[in-house]
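Single-structure report; data block below.
The values are calculated or read from the model by the stated rules, or taken from the named source; none is laboratory data. Remember, predicted model here, so these are calculated numbers, not experimental data. Cβ atoms come from the backbone with ideal geometry, glycine included; neighbour counts cover every protein chain shown. All accessible areas refer to the heavy atoms of the entire protein, side chains included, with ligands and DNA or RNA removed. Shrake-Rupley method; radii C 1.70, N 1.55, O 1.52, S 1.80 Å.
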Amino acid sequence: MKNENQKNRGQVRGYLFERVLCMLLKQNDLTLVQPDRFNRMKVRRIRENFIELKGRGGWHTIDCPFDYRGAVPFLYPLRLIGEVRYHQTTVTRDAIRNFIGVLRDIQENYFIDDSLTAEMVRERRMEIGIFFSVNGFQAEAERLAYSHGIRTVSYKNNPLIQEIRQVIDVLESQYISYDLFAQKNTRFFLRDFEQMIRGELSGSELVERYELLPEAAAWFVRLFQAVQKIQSSVMAATNTGMVFHLLGEEAFPEELFAGTDVAVGHICYENLGEDNQIACYLELEGDERKRRFYFTLPEGLSEQAIYGLGVPYAERDEDGDRTERVLHMTMKLDGIRRSLTVVLGEDRAEIVKFF
């Protein structure tokens, strides 16, 4: 809240957004890592909803630790090590440098002896680092992450996330104190908050349970509505492994892939009319409803770093040339996990007039 120090206030905003982001990520065949009898040497919960993973030199709190349900040939089971930042400014190089150290420490914490216990085999993972930022990255931070194989996902100028961000800012500044996370008797607030954004608990019940100001209930409702507005959450990757988080207000057009694994799409640009902010979204050819799936392109990387050069691809354009710009995504259609590809055609700019 306004009378608290800036570090605590930033943590509150980050905690709330992490719950929202985890809810969106779960739609991508990802399972939140939890301590159990098989991984107790490497995973622990220090407080409700705060998970730590053990590295070679110590324990590290991870904002979004997820295991991928699918299997990828030639790789150990994939584990997502997600860092989330809810800064008012862009993420700096120092934040990326710190994350590199955490990720490397976790990746190096594997020891095998002659006993080769079930726990050693069961918990072998390929850890992938991914850094999420509400307000984007400095160019040098993005390049540093890229050079170390860390994926960066920005939500800067994403209208669906910005709406959520506006409500979280109000909740933190006027209604939610850091004490809710520091006091032992209220350590379950994040659990109940997550139930609220899923619709399992009302905003009024949350207000009553934690003795918040009554006016906060209306803002919890607005947050619930903003989160529920996102009907599709799809992770897509380019040929270089660059990750785009596609968010849409409507369901993904599965019908376009009824008889094929390939579709054509375009990256479109939209003027939001707020300080000349430009949003970008993916639109697929053949979609009569022209559904939009918003994401944020990296600002500090070149076109070659994002899409690659000289990468052979089975689809060719009318002149027989290789198609370089593609997006790959994996999702379940009719209960079957499918690997889909979107070939990117020319970009399109939407002309917006203000009267």
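Give 56, 44, 79, 40 a once-over and let me know the one that is surrounded by fewer than 19 Cβ atoms within 10 Å (Cβ to Cβ), closer than 23 Å to residue 126 by Cα and in contact with a strand residue (DSSP E or B) (Cβ under 6 Å, 6 or more places away or on another chain). Only one candidate passes the filter, namely 44.
Considering each residue of region 45-60, count those that are within 17 Å of residue 194 (Cβ to Cβ) and in a strand (DSSP E or B), and give that number.
4
Condition (residue is modelled with pLDDT under 95, open to solvent by less than 70 Å² (accessible area, probe 1.4 Å), out of contact with any strand residue (DSSP E or B) (no Cβ under 8 Å at 6 or more places or on another chain) and not acidic (Asp, Glu)) applied to region 241-258: is it met by at least one residue? No, the conditions are met nowhere in region 241-258. Being within 19 Å of residue 25 (Cβ to Cβ) and out of contact with any helix residue (DSSP H, G or I) (no Cβ under 9 Å at 6 or more places or on another chain) is a description that does not apply to residue 190. Of everything listed in (1) small (Gly, Ala, Ser); (2) assigned to a loop (DSSP other than H, G, I, E, B); (3) within 28 Å of residue 188 (Cα to Cα), the single unmet condition for residue 70 is (3).
Give the residue that is modelled with the highest pLDDT, with candidates limited to residues of region 274-293 that are open to solvent by 20 Å² or more (accessible area, probe 1.4 Å) and within 21 Å of residue 166 (Cβ to Cβ). Here the residue is 292. Counting only helices (runs of 4 or more DSSP H) wholly contained in region 171-239, the ones carrying 1 or more residues that are touching a Leu at 6+ places or on another chain (Cβ under 8 Å), modelled with pLDDT of 95 or more and closer than 16 Å to residue 21 by Cα occupy 189-197, 216-228. Contact map, region 99-112: residues that are more than 10 Å from residue 57 (Cα to Cα) and assigned to a helix (DSSP H, G or I) paired with residues that are modelled with pLDDT of 95 or more and open to solvent by 40 Å² or more (accessible area, probe 1.4 Å), Cβ distance under 6 Å, separation 6+ or inter-chain. Pairs shown: 100/148.
One residue stands out among those in region 117-155 that are basic (Lys, Arg) and at pLDDT 95 or above: the one that is most open to solvent (accessible area, probe 1.4 Å), which is 143.
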